[in-house]
Every structure is written in C-alpha cells, then in structure tokens.
Amino acid sequence: MNLRLLPVLILLTPLTFGGTQPPPTSTPASTNVAIVNATLIDVRTGKESPGSVIVIQGDKIARVGTSAEIPVPSQAQVVDAAGKWVIPGLMDMHAHAGNSPEAPVNLYLAQGVTTIRSPGGNISLLRLLREQIESEKIPGPRLFFSGPLLDGNPPVWPGESFMVDTPERAHSAVNFLADQGVDFVKVYNNVTEPVLKEIIETARQRGLIVAGHIPRSMTMTRAVDLGMKSLEHIRVTGREMLPIETANQIDFLPLGQREPLLWERFDLASPKFSELIRHLAESQVFLDPTLTVDESDFVLGPEEQQKNPNNLALPQEWVKFAESQQSPLFEVPANLKQTARDGFKKRQEFVRMCSRAGVRIIAGTDGPGLGTLVPGYGLHHELRLLVDSGLSPVEALRAATLTAAEALGKDKELGAVEPGKLADLLIVEADPLLDIGNASKIELIIKGGRQYRPADLVRNNH
C-alpha cells in the first residue's frame with residue numbers, strides 16, 4: 001500500500017520503526033515452554049487435535065503430541081491453553097515496509113502476523129529495519145524483502161524503482177540487489193520481455209525467485225512460461241483474453257480505469273480463462289490476490305477507509321501522512337464505480353476457481369494503509385475475503401501459513417506447528433475453522449519462542 005503513498009519523506013524517515021517504545025516485556029527465547037491442553041490445528045490437513053502438548057526449547061519447537069506421549073519438562077514454563085486453539089503465526093505476503101515514516105510494524109505482531117514479505121521499498125531502510133527487529137530493539141515480524149522494484153521505461157514509481165530498460169541493466173540490477181541481501185526480486189508494469197527474461201535468468205543464478213506484476217505488454221501465461229513464480233494481485237492483461245485492438249486501448253490506462261474496464265469484458269466461463277487457470281495450477285506458481293487492496297480501490301474508496309475504526313490503532317502522525325499521500329493513479333472515475341464493484345465480485349470468483357483447480361494461493365494485503373489495510377488488521381480482513389471468495393477456513397489459514405512459507409522457500413522453518421520449525425505460533429480463544437474471524441481473537445503471540453500479549457505491543461502507539 002505504501003506504493004500508493006508518495007514517499008516524499010523517505011530520506012527523512014527516522015530509524016524508529018513502529019514507534020519509539022522499547023520492546024514490550026517478553027519471555028526470553030532461551031526459556032523452555034510447554035503449552036498444554038491446547039487444541040492444535042494442523043494447517044496441512046485441517047485436523048484438530050484436542051489435548052495437545054507443544055514443547056518449545058529456545059526459539060524452536062522441540063516436540064508436539066498428546067499429554068500421554070509427551071511429558072512436560074520439569075523446568076519448563078507451563079502455558080495452559082485449555083479451551084483454546086493453537087495455529088501457526090500468520091504471514092502477510094504483500095506488506096510494504098521501508099518507506100513510510102515510522103511504519104508501525106509492531107501492529108503486525110500484535111495481530112499475530114509473525115512474518116511479512118515486503119515487495120518494494122528503500123533497501124537501506126529495509127536492511128536497517130530488519131536489523132532492528134532481529135536484534136530485538138523493536139518488536140516486529142520477521143521481514144523478507146525485495147528492495148526496489150524493477151520497472152521499464154518509463155518507470156511507474158521513479159522514486160521506488162530501478163529503471164531496467166535493457167537486458168544489461170537488468171543483469172546488473174539483479175546482481176546488485178542479490179549482493180544487498182534481498183530475498184526475492186519484484187518486477188513491475190513496464191518491463192519488456194527481453195528484460196524480464198534476463199531478470200529471471202540472473203535471479204535464478206543467484207538463487208532468487210521473481211515475483212511481481214504481470215507486465216502490461218504480455219500475457220500472464222507468457223510471464224509464467226518465462227519463469228515468474230509469484231504473481232502479485234490479480235492482473236490479467238487484456239491481451240490475454242480480449243481482441244488485441246481492444247486490449248491496446250485498455251491495458252495501458254491508469255489502474256482506476258483499466259481494471260474496471262477489463263473485468264467488465266472478461267468472461268470467466270470462457271475457455272481462455274479455464275486454460276489460464278489450468279496453466280497456473282500446472283506451473284505451480286503462487287497467486288497473491290491481495291483482495292484487500294482491490295476492495296479498497298474498487299469498492300470502498302478513500303473516504304470510507306478514513307472513517308474505519310481500525311485507524312485508532314495507528315499513530316496519529318502516520319494517519320495524517322497516509323491521508324495526505326493518496327495517488328490519483330488509483331482513482332476510479334464516477335461513471336465506472338459500479339463497474340468496479342461488479343469487477344471485484346468477478347475477481348473473487350476467479351480466486352475461487354483458481355483455488356478449486358489447485359493454484360497455490362497466498363495471503364497478502366498490499367498494506368500498510370488506512371482502514372482495512374492497517375497493519376495486521378489487513379491480513380485478517382484478507383482471510384475473510386478469501387473465505388467469502390469460496391476458500392474454506394483451513395484453506396485461508398494455509399494461504400497465510402504453510403503455502404506462504406513455501407513461497408518464501410522457508411517451509412522447513414516456518415508455516416506449521418511441527419518439531420524443528422521456528423516457534424512462531426498463536427493461541428486464540430475460539431475455533432478459526434468454524435469462523436475465520438476467530439483467528440483474530442488472540443490471547444498470546446509466540447515468535448521465535450518469545451511471548452507477547454497483543455495489548456503490550458500497542459500500548460505506546462499514541
């Protein structure tokens with residue numbers, strides 16, 4: 001979402017991300033912890049296991065099983081989770097950091113988001129933010145990032161991107177980003193096919209995947225065939241589905257006009273859509289629908305977002321900054337507002353069709369922003385939108401846990417409550433498989449073995 005907030009203050013951003021408060025009191029990760037009497041949700045299968053015991057040693061999960069199978073270590077801190085449920089820590093796979101002044105990253109953690117993937121942003125600020133979180137100077141989620149996005153000529157966001165208009169510049173840019181420690185590479189709207197080929201090949205050589213927007217000059221099918229692995233937003237180009245003359249009239253319009261006009265013309269029942277979805281499933285790409293930001297742009301609008309009570313969780317200076325930086329690129333003309341709302345419903349149907357076909361869905365928001373895009377709150381809203389689109393609650397949870405970890409290439413470390421993985425998990429007060437909204441009813445957050453109470457994480461935000 002911060003790509004929607006013109007980053008005029010980037011160079012003035014103080015390195016006090018998430019506010020100036022010290023880290024809240026938490027149990028050191030070196031302490032052994034035993035969670036007992038929990039109902040554990042296996043996000044792989046949807047199975048619920050009452051009476052579970054989870055033993056944490058340091059920052060990792062040591063043992064998981066029943067009380068009959070696992071004795072509680074004598075020196076362990078016992079956390080009684082009777083009548084409560086345990087799920088993995090959640091992940092927001094499209095959460096911009098490293099741009100907005102004092103981005104309140106503590107709010108992600110307060111809402112059980114223990115990991116974020118930031119597709120864009122100032123690479124120096126991102127590196128410093130990650131160092132501050134990892135050194136526990138501030139509370140926040142695990143941070144994976146791409147650094148500046150790679151765009152063609154002209155770049156849509158000059159201050160946020162590297163302009164790679166030749167394969168040679170693409171090769172150089174990817175190597176620079178890899179040397180700076182990025183976790184993946186993000187591409188944007190105006191990249192050409194020869195440049196995208198070089199980006200993907202160089203990234204492959206450096207052990208990085210390529211995520212991002214489908215460039216407007218090509219189809220989603222072509223971008224996937226070239227090797228894009230994570231598709232951000234539902235950005236089907238007109239040239240994929242429409243006559244080329246019509247596509248050329250629409251594909252390069254600003255988003256607030258382009259997307260309503262495209263989705264008005266798209267026929268989800270057409271063989272072309274069936275073939276596209278089949279291809280996405282067979283190619284094993286990840287689809288990050290970011291329904292939350294699309295709903296914000298095409299259904300809710302900025303005025304409604306400014307009135308949302310979620311904003312009360314934000315520092316007031318950040319609210320004022322967000323309100324002042326809305327971009328006209330995303331404004332939907334009055335005559336297209338109903339078309340945009342109808343198009344959002346078709347997007348949700350597209351997500352349902354993809355999920356049923358086996359496309360790997362991941363959960364992201366494109367925050368931070370106001371209203372439904374407030375850090376942490378936005379991810380829970382995304383889960384609700386995924387369920388509204390036709391996913392089951394466990395499928396939505398999987399999109400924000402295990403499948404998200406797979407998209408990061410970290411499924412051996414994150415994404416499930418299993419022995420050997422990092423101890424990122426939540427104790428919630430009600431069953432999220434009955435109502436996905438229950439995933440937000442958090443009693444305790446554990447990240448890397450450290451325990452946090454939601455109220456402690458937000459107590460000094462104002």
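The values are calculated or read from the model by the stated rules, or taken from the named source; none is laboratory data. Because the structure is predicted, anything quoted here is derived from the model rather than measured. Cβ: placed from backbone, ideal geometry, glycine included. Neighbour counts: every protein chain shown.
Scanning the range 220-256 for residues that are more than 18 Å from Asp288 (Cβ to Cβ) and polar (S, T, N, Q) yields Thr246, Asn248, Gln249. Anything in the range 401-456 that is closer than 22 Å to Asp80 by Cα, among the basic types (Lys, Arg) and either in a loop (DSSP other than H, G, I, E, B) or touching a His at 6+ places or on another chain (Cβ under 8 Å) (or both)? List them, or say none. Result: Lys421, Lys441, Arg453.
Criterion applied to Leu383, Leu397, Leu408 was being touching a strand residue (DSSP E or B) at 6+ places or on another chain (Cβ under 7 Å), at pLDDT 95 or above and within 25 Å of Asn438 (Cα to Cα), and the one residue passing it is Leu397. Looking at the range 152-163, can you tell me whether even one residue there is in contact with a Gly (Cβ under 6 Å, 6 or more places away or on another chain) and either at pLDDT 95 or above or more than 17 Å from Val185 (Cβ to Cβ) (or both)? Checked against the condition, which is being in contact with a Gly (Cβ under 6 Å, 6 or more places away or on another chain) and either at pLDDT 95 or above or more than 17 Å from Val185 (Cβ to Cβ) (or both), the range 152-163 yields no hits at all. Would you call Val72 among the β-branched types (Val, Ile, Thr), farther than 30 Å from Pro119 by Cβ and surrounded by fewer than 24 Cβ atoms within 10 Å (Cβ to Cβ)? Here the answer is yes, as Val72 does meet what is asked.
So which residues in the range 248-292 are among the charged types (D, E, K, R), more than 24 Å from Met93 (Cα to Cα) and either out of contact with any Gly (no Cβ under 7 Å at 6 or more places or on another chain) or not in a loop (DSSP other than H, G, I, E, B) (or both)? Break it down into steps so the answer makes sense when it comes.
First, the residues of the range 248-292 that are among the charged types (D, E, K, R): 251, 258-259, 264-265, 267, 272, 275, 278, 282, 288.
Checking which are more than 24 Å from Met93 (Cα to Cα) leaves us with 251, 258, 264-265, 267, 272, 275.
Answer for the range 248-292, where residues must be among the charged types (D, E, K, R), more than 24 Å from Met93 (Cα to Cα) and either out of contact with any Gly (no Cβ under 7 Å at 6 or more places or on another chain) or not in a loop (DSSP other than H, G, I, E, B) (or both): Arg258, Glu264, Arg265, Asp267, Lys272, Glu275.
Is it the case, given these coordinates, that Glu429 is in contact with a helix residue (DSSP H, G or I) (Cβ under 8 Å, 6 or more places away or on another chain) and surrounded by fewer than 21 Cβ atoms within 10 Å (Cβ to Cβ)? So Glu429 passes the test.
Would you check if there is a residue in the range 248-265 being of a type in the set (S, T, N, Q) and closer than 28 Å to Ile116 by Cα? Within the range 248-265 (the criterion being of a type in the set (S, T, N, Q) and closer than 28 Å to Ile116 by Cα), the answer is no, since none of the residues qualifies. Quickly run through the range 115-138 and pick out the residues that are modelled with pLDDT of 95 or more and touching a helix residue (DSSP H, G or I) at 6+ places or on another chain (Cβ under 8 Å). Hits for the range 115-138 are Thr115, Ile116, Arg117, Ser118.
Listed by first and then second residue, the pairs linking a residue in the range 393-415 that is without any contact (Cβ under 8 Å) to a residue 24 or more places away in the chain to a residue that is in a helix (DSSP H, G or I) and surrounded by 21 or more Cβ atoms within 10 Å (Cβ to Cβ), with Cβ atoms under 6 Å apart and 6 or more places separating them unless they lie on different chains, are Asp411/Ala405.
Say we look at the range 328-356 and pick out the residues that are polar (S, T, N, Q) and over 16 Å from Thr290 (Cβ atoms); which of these is farthest from the chain's Cα centre (by Cα)?
If we filter the range 328-356 for residues that are polar (S, T, N, Q), which is where we start, we get 335, 338-339, 348, 355.
Then drop every residue that is not over 16 Å from Thr290 (Cβ atoms), which leaves 335, 338-339.
Values: Asn335: 31, Gln338: 27, Thr339: 27 Å.
So the residue we want is Asn335.
Residues checked against (1) under 25 Å from the mean Cα position of the chain (by Cα); (2) farther than 28 Å from Ala399 by Cα; (3) in contact (Cβ under 8 Å) with a residue 40 or more places away in the chain; (4) surrounded by fewer than 22 Cβ atoms within 10 Å (Cβ to Cβ):
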| residue | (1), (2), (3), (4) |
| --- | --- |
| Thr192 | no, yes, yes, yes |
| Val195 | no, yes, yes, no |
| Ile209 | yes, no, yes, yes |
| Ala223 | yes, no, no, no |
| Val236 | yes, no, yes, no |
| Leu242 | no, yes, no, yes |
| Ile250 | no, yes, no, yes |
| Leu253 | no, yes, no, yes |
| Gly256 | yes, no, yes, yes |
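Restricting attention to the range 411-425, the residues that are farther than 19 Å from Ile445 by Cβ, among the acidic types (Asp, Glu) and in contact with a strand residue (DSSP E or B) (Cβ under 9 Å, 6 or more places away or on another chain) add up to 0. It is to be established whether one or more residues within the range 432-451 are without any contact (Cβ under 8 Å) to a residue 60 or more places away in the chain and among the acidic types (Asp, Glu). Checked the range 432-451: at least one residue is without any contact (Cβ under 8 Å) to a residue 60 or more places away in the chain and among the acidic types (Asp, Glu). Taken together, Pro154, Pro148 contain a single residue that is over 30 Å from Pro454 (Cα atoms), free of Cβ contacts under 8 Å to residues at least 60 places away in the same chain and either in contact with a helix residue (DSSP H, G or I) (Cβ under 6 Å, 6 or more places away or on another chain) or crowded, with 18+ Cβ neighbours inside 10 Å (or both), which is Pro148.
Filter the range 233-247 down to the residues that are farther than 23 Å from Ala211 by Cβ and outside any loop (DSSP other than H, G, I, E, B) and list them by number. Spell out the reasoning first.
Of the range 233-247, the ones farther than 23 Å from Ala211 by Cβ are 242-247.
Matches in the range 233-247: Ile244, Glu245, Thr246, Ala247.
Within the range 95-129, the set of residues being under 22 Å from Leu426 (Cβ atoms) and either acidic (Asp, Glu) or surrounded by fewer than 24 Cβ atoms within 10 Å (Cβ to Cβ) (or both) comprises Pro104 only. Return the residues of the range 309-365 that are surrounded by fewer than 18 Cβ atoms within 10 Å (Cβ to Cβ), at pLDDT below 95 and in a loop (DSSP other than H, G, I, E, B); say none if nothing qualifies. Hits for the range 309-365 are Gln325, Ser327, Glu331.
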